[in-house]
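What follows is a set of notes on a single structure, which appears directly below.
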DNA sequence: TTAAGACATAGATGAGTGTAAATATTTAGG
DNA sequence: CCTAAATATTTACACTCATCTATGTCTTAA
C-alpha cells in the first residue's frame, strides 16, 4: 500500500506545463518518467501490457513481440517498473506486468493539461 | 504551412496506448517526441515558454532561468524545435519561441487516452 | 535431487547525450 | 563600415544507455 504521491501527482492536478513554470525539482522528478517512456521498445511494451486482456501480460507474452534478446526485454521492463509505470507480480514461474494507468493519466494531465 | 500530420496525430485520435498495441513504426515516431521532453532542462524550457505571457518567450528570457551556458540552452531549444514542440520566430535581434500546444495535447491524448 | 524452464543480473561494448569553450552569424546603431 | 549584442554552430569530452553474451536464481516436475 503506497500512499505517497508520485512526482507527477504532486503537480498534475493543478499545474500543467502551460499554467506556470515548472520548478527545477519538479522537472527533475518528472523527467525520469518521460525518459522511461521515451524509447520505442518501452513504448511498445507499455502498450502491449496496457492493451492486453485483463490489463496484464506475462513476460512470456512480451518476449516474442520483439526481435530482441530476453535480457534486453527484461532490462526495459525493469526500467518501466522502476519508474512506477508498470506493476510487477510473480505467479508461479511467470511474472506478470500491469500498467499503472493512473501514472499514465497523471503524466498526460501534466503534459496536455486537459485530461480528466 | 505544414499540413502533414505529426507521428502523434496519426495515432492519438483513436488509438491511445491502452487501446491496442503500438506498432514498431508508430513507436519509433512517437519516442523522439518523448525523448525531447524527457530532460529536466527541456521540461522547464517548455513550461517557461508555454506559461509565459503571450504564449511565447524570447531566448533572453530563458537563459537567465538556468545555471547553464547560453549555448547549452540554445542546444536544448533546438532539440525541442526539431521535435516540433516549439515554434521559432526571429524578430530583430531576438528569437521568440512558442509552445506547440497542439503537439502537447496530442502526446497527452496518446499517453493518457482521455484528453479532449 | 536433478533437470528444465522462466526470468533476472552482471559485465562488456558501441552509440548517443548533456555540457562547456571557442567561434560564427545575424542584426541594430553609431 | 565598425562595433556590440543576441543567438547559433562546432568541437571535444565525460557520461549514460541499449544491447548482447554469459551466468545466476527460482520454481515446478519427474
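FYI, it's all coordinate maths here, none of it is from the lab. All values reported here derive from a predicted model rather than from experimental measurement. Neighbour counts run over all protein chains shown; Cβ positions are idealised from the backbone, glycine included.
The table that follows gives values for the structure above.
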read-out	value
Residue-averaged beta-carbon neighbours from other chains (10 angstrom radius) around A:90-102	1
Inter-site label distance for residue A:102 and residue B:102 at 7 Å from Cα along Cβ, in nm	3.5
Between region B:48-95 and region A:27-72, the Cα center-to-center distance that results, in Å	32
Shielding by other protein chains, A:21-31, mean Cβ within 10 Å	6
Calculated FRET value between residue B:88 and residue A:19, using beta carbons and R₀ = 35 Å, to 0.05	0.95
Cβ-derived FRET efficiency at R0 30 Å, residue A:53 paired with residue A:28, nearest 0.05	0.25
